[in-house]
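Structure first, commentary second.
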Amino acid sequence: MKKLLGAVLALGISTAAVAGGNMKKDIVDTAVSAGTFETLVTAVKAADLVDTLKSDGPFTVFAPSDAAFAALPKGTLDNLLQPENKDQLIKLLTYHVVAGKVTSGDIKDPAVELKTLLGPSLEVQIGSDVVVDQAVVSQPDIEASNGVVHVIDNVMLPDNWPDS
């Protein structure tokens, strides 16, 4: 009887550990664990947007990869990360975030507009690629506990952005 009880308890603990391990991470923790968004995470921290992106949301984030940030003109990122440019960094980052959870399956039309947290809308075009404001979605629908992340290959710049 003790062996049976021990086996049942062990099974229960193993099941709980597996279930706990499958819990979704929030958008920030998802980005951190992916390992390809180090620059984005650094920028989110510098802009004091961590608490926002860890909140309940839900949010849809079009997340530029580290390679996308590396493709910015030389000095742009370093300049944006300076404390005196925090407002500009916030504008750039909130242009990549939409309130609500929008997965690729939610988009039924070949062209839709999604309003960003910054205010302006992003145009999403669906063809052979999914293109958001001239950035190609390289990996869609990364689920998070408070929304969804879509990896994009460019940093999107809002209209009237300096040097755009």
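Read-outs throughout are calculated quantities, based only on the coordinates presented, and are distinct from any laboratory measurement. Treat the numbers as computed from the prediction; the structure is a model and nothing was measured. As a convention, Cβ positions derive from the backbone with ideal geometry for all residues, glycine included, and neighbour counts pool all protein chains shown.
Rg over Rh of segment 26-152, using C-alpha atoms and the Kirkwood radius, what does it come to?
Across segment 26-152, the Cα-based Rg/Rh ratio is 0.94.
Please list, or write none, the lysines whose alpha carbon is within less than 23 Å of the alpha carbon of Lys74, excluding same-chain residues fewer than 8 places away.
The qualifying lysines are Lys45, Lys86, Lys91.
With a sphere of radius 15 Å drawn around the Cβ of Asp26, what net charge do the other residues whose Cβ falls strictly inside it have (Lys, Arg +1; Asp, Glu -1)?
Computed value for this residue: +1.
Between beta-carbons, use under 15 Å as the cut-off and find the net charge around Pro110, counting Lys and Arg +1, Asp and Glu -1.
Neighbourhood net charge equals -4.
For a Förster distance of 45 Å, can you work out the FRET efficiency between the beta-carbons of Ala67 and Lys115, rounded to the nearest 0.05?
That pair, Ala67 with Lys115, gives E of 0.95.
With label points built 7 Å along Cα→Cβ from the Cα atoms of Asp29 and Ser138, find their separation and express it in nm.
Label-label distance for Asp29 and Ser138, simple model: 2.6 nm.
What's the FRET efficiency of Asn79 with Glu38 using the Cβ-Cβ distance as r and R₀ = 25 Å, to the nearest 0.05?
For Asn79 and Glu38, the calculated efficiency is 0.85.
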